[in-house]
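> This structure is in structure tokens; I'll ask about it shortly.
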Amino acid sequence: MKESVNNLYAEVVLPLAVHKTYSYKIPSELIDFVSIGKRVQIQFGAKRMYAGIVLNIFEQAAPDYKVKDVLNVLDDDPILTNHNLQLWDWMSKYYLCNLGEIMIAALPTALKLSSETKVILNPNFNHDYSTLDDNEYLVAEALEQNAELMLKDVQDILQKKNVYFLIKSLLDKGVVILEEELKESYKPKMVPFISLNAAYYDIEKQKDLFEMLEKAPKQLNILLAYLSIAKNKKSVSQKSVLQKSGSTSATLNALIKKGVFNKSQQAIDRIIENYQEEQISYELSLEQKNAFNQVKEIHQNKNVVLLHGITSSGKTQIYIEYINQIIEKGKTVLYLLPEIALSGQMIQRLRKVFGNEVGIYHSKFNPQERVEIWKKILVNKYKVIVGVRSSLFLPINNLGLVIVDEEHDMSYKQQDPAPRYNARDTAIKLASLHGAKVILGSASPSFESYFNALQNKYGLVHLTERFGGVQPPEIHFIDTKEEGKRKRMRSHTELRRLRLL
């Protein structure tokens, strides 16, 4: 518990492109709940509400101006680690951007909250509609039926997008008042579960139940399906019981009415992970072993190694070997790829080796799923995290290795909006904050990385042979101008036509 202090303040960053952070006083009743990395509800300006992130908590003498209070604490546990906040601070200085812009880029949409405006009928309104036009009358009439309306509701009623002038007119006429409400957009996925009534836990009672259901075979099938699935579980999903029994929800409801089953709503994960590790036998080639040993040796003195391997030289197998050793030490690996399109095959390869310990994070997941992945990473659910540049902002604990595959790719650069950053360079900084190692992999390294390797700032390891002795394709140079003169050039359409003939 924090010591009760009258003048305790929180430094808060808001999801806005503003150049500074803001201080809010922590009320005595919230002192034990506010901590660094949590979201807090604050008022910014005259009316707007936001969920800000606590960067710091400090004590100072009361200023000579009024300081607004923290209104509420939105998280039981911090959603960001100290390493996250250190990275934000470095990025804001290095890439000349605001902390609020980084917050917008870093957090999943469902964790970034701002208030919604509620339109409420003014209790002092005298119900004189003579001064209202048709649209204003429709809104006032709707408010007579509903306690409140959101701006979207007003837009739906009027079938218009721009309703702000109308709302202002209603405000001026004293018909409505406005309030701000901060709404949590993340909601856990709830599904129906059923459990056997405690009265039937006794074996003799179950025998009586079977006898009672002999004349209702469909209901008996549901009971048998439940017992088959439940085993030592207290409750199972309604869907699984209905699928196994081939029955309908109406039959199940009959059993619930008889008091055989109890029904409840339970939260489940949106992303069901049930991947099995496969026993894959592989052996590194002599050149791969030499490269792997070189990387390990260089990492004893340098944090960053550039692995320059030609196409099909087997860089991925070296990564997997290294990941195995990092996991054995109880640490986490971040595997960065430049694009989502490249992640599918890589994820399959990693899951064959590491199973459910592989987590994925990118923009193809919906906002609710991203929050669930975020929370799993907070509690160290995954040992290997695969993602694109936004994965740098994940709340990873105990990071041991960062792999930046295809490090030369321009997709690692964020152009618009701010923060305009290079994920490769930011990954190196993130690793340094954790005391982790970095492998930059590429068949055609960037000029910057290769120069740093030649200057001995990074280590450099080469892979010059294709795995399995595969030969590279033959390359022929053709003088298209000369071939055109000799009329030997053919379009794809013409070649296909000739083949068909």
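> Pairs of alpha-carbon atoms within less than 8 angstrom and 6+ residues apart define the contacts here; what relative contact order does the chain have, in percent?
RCO, the chain: 14 percent.
> Rank-order 349-362, 191-204 by packing density, defined as the average count of other C-beta atoms within 10 Å over each peptide's residues, highest first.
In decreasing order of mean packing, 349-362, 191-204 become 349-362, 191-204.
> What ³J(HN,Hα) values, in whole Hz, does the Karplus curve 6.51 cos²θ - 1.76 cosθ + 1.60 give for segment 384-390 when θ = phi - 60°, with x put for Gly and Pro?
For segment 384-390, the Karplus-derived couplings read 10, 10, 10, x, 9, 4, 5 Hz, x marking Gly and Pro.
> Mind checking the angle between helix 423-434 and the chain's longest principal axis? C-alpha axes, 0 to 90 degrees, to the nearest 10.
Tilt relative to the chain: about 80 degrees.
> Highest mean first, how do 456-465, 433-442, 28-37 rank when packing is the count of other Cβ atoms within 10 Å averaged over residues?
Peptide ranking by packing, descending: 433-442, 456-465, 28-37.
> If the cut-off is a Cα-Cα distance under 15 Å, which aspartates and glutamates reach LYS234, setting aside same-chain residues fewer than 8 apart in sequence?
The reachable aspartates and glutamates, counting only those whose Cα sits under 15 Å from LYS234, are ASP202.
> What relative contact order, as a whole-number percentage, does segment 115-182 give when Cα pairs under 8 Å and 6 or more residues apart are counted?
Relative CO of segment 115-182 lands at 58 percent.
> State, to one decimal in nm, how far the label point of LYS152 lies from the label point of ASN122, with both points 7 Å from Cα in the Cβ direction.
Distance between label points: 2.8 nm.
> Let me ask something else. Taking only DSSP H segments of four or more residues, each worth -39500 (n - 2.57), what value at 222 nm results for the chain once the sum is divided by all its residues, to the nearest 500 deg cm²/dmol?
The helix contribution divided over the chain gives -10500 deg cm²/dmol.
> May I pose another question? Looking at [x] -0.79; [y] -0.45; [z] -0.51, which value of log10 I(q)/I(0) by the Debye sum over Cα atoms at q = 0.08 Å⁻¹ comes from a calculation on the structure shown?
[x]
> Among bridges DSSP assigns within the chain, what percent are antiparallel (round to 5)?
About 60 percent, rounded to the nearest 5.
> Further, regarding this structure: Which one, THR117, ASN293, VAL260, is farthest towards the positive end of the dipole of the chain when Lys and Arg carry +1 and Asp and Glu -1 on their Cβ?
The Cα lying farthest towards the positive end belongs to ASN293.
> To the nearest 10 degrees, how steeply does helix 315-328 sit against the main Cα axis of the chain, on a 0 to 90 scale?
Relative to the chain, helix 315-328 is tipped by roughly 50 degrees.
> Would you pull out the residues with amide H under 5 Å of LEU8's amide H, same chain only if 5 or more places away, H placed 1.01 Å from N?
ILE26
> State to the nearest 20 debye the size of the charge dipole of segment 34-188 about its Cα centre, where the only charges are +1 on K and R beta carbons and -1 on D and E beta carbons.
560 debye
> Moving on. Can you put LYS289, LYS487 in order, fewest other beta carbons within 10 Å first?
Going from least to most buried by this count: LYS487, LYS289.
> Please give me the summed charge of the neighbours of GLY459: other residues whose Cβ is under 11 Å from its Cβ, Lys and Arg +1, Asp and Glu -1.
Here the charged neighbours net out to +3.
> Nearest 20 debye, what's the magnitude of the dipole of the chain about its Cα centre given +1 on Lys and Arg Cβ and -1 on Asp and Glu Cβ?
1740 debye
> Once the piece of chain linking TRP90 and LYS207 is laid out straight, how much longer is it, given 0.36 nm per residue of separation minus the C-alpha distance between them?
Going from the current span to full extension adds 35.3 nm.
> Could I ask something else about it? Just to be sure I follow: if Rg is taken over the C-alpha atoms of segment 115-182 and Rh is the Kirkwood radius over the same atoms, what is Rg/Rh?
0.92
Values quoted throughout were computed directly from the atomic coordinates according to the rules given, and no laboratory measurement underlies them. These figures come from a predicted structure and were not determined experimentally. A quick note on method: Cβ atoms are made from the backbone with ideal geometry, for glycine too, and the neighbour counts reach across all protein chains shown.
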